[in-house]
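Each reported figure results from applying straightforward, stated rules to the coordinates on display, with no laboratory input. Because the structure is a prediction, the values reported are computed rather than measured. Glycine also receives a Cβ, built like all others from the backbone with ideal geometry; neighbour counts cover every protein chain displayed.
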Ligand code: MEV
């Protein structure tokens, strides 16, 4: 059974599409897939089934992934433990798990082929992805990521305990990325300042992560959330979830992923329970996850 992890972006989403560095972490929840040879090609994800040429986005993504691997005649069964479209990398995790399962039929999966196949899949859903979701799903651990340089594993001074809540219905990553790009065209100077601000937060966050300075990292998450609001990707539900988390003792909180709805992360000082309790009381589905102290392999 092939597995790939989901992800949270700690800082730098959206800006990463425009060349700024971002920091992401693989999370334990993810996707699994198993493949077998078959007369016709088909993919089932939980209760949804797709095949190349069926006209669905999933069918097109499957077709692009298999073309990249040069494989036909395969039946794949996949499953995801991640809420779909909420910024937790469900699409990339599925792509990586499926690409690994298909390669398992021939021998060991190669990271390069997995990356190429998963990128082809992601392009169907996301148009102009930076590649950070795919990189996080492949590498796990905590990564520094730029479009130009790809992923670099980071070693953390202290492990992170994160609360993750789903604050409102999912939004389309493709549409959110397009709306930020349009904002950049309408107000280029303001946009450039936002990107520069986010870049400096991400660089400081790397230092805080490596030094194990969790209070410092928390403040940087809060500042990143302010700049994301300025890019019009936050919502009232996201702001409320961040407020609830901070009031319950979180060191910092922000949306993660494309925004417009979806997931919020809160950096907790070890015990996530008070933050999770506050979210549950506010009616939000949530869970906690740990990001390890070492730059660990998937
Ligand atoms: C989505 O998880 C992250 C975005 O920055 C898009 C991307 O990097 O492709 C919003």
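The table below gives the values:
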item	result
Region 156-291 - Kirkwood radius from inverse mean 1/r over Cα pairs (Å)	15.2 Å
Percent antiparallel among DSSP beta bridges (both partners in region 1-103, rounded to 5)	85 percent
10 Å-binned pair-distance histogram of region 154-203 (Cα, whole percent)	19, 28, 36, 16, 0
Normalised convex hull volume, the chain, alpha-carbon set, Å³ per residue	116 Å³
Two-site FRET efficiency, residue 182 against residue 277, from Cβ-Cβ distance with R₀ of 45 Å, rounded to 0.05	0.70
Alpha carbon centroid spacing (whole Å) that separates region 221-252 from region 69-97	29 Å
Angle in degrees between helix 57-69 and the longest Cα principal axis of the chain, rounded to the nearest 10	70 degrees
Degrees, to the nearest 10: 173-186 long Cα axis against longest axis of the chain	50 degrees
For the chain, built as a Gaussian network whose Cα springs stay under 10 Å, the top-fluctuating residue of 272, 169, 21	169
Cα-based convex hull volume of region 2-153 per residue, rounded to whole Å³	96 Å³
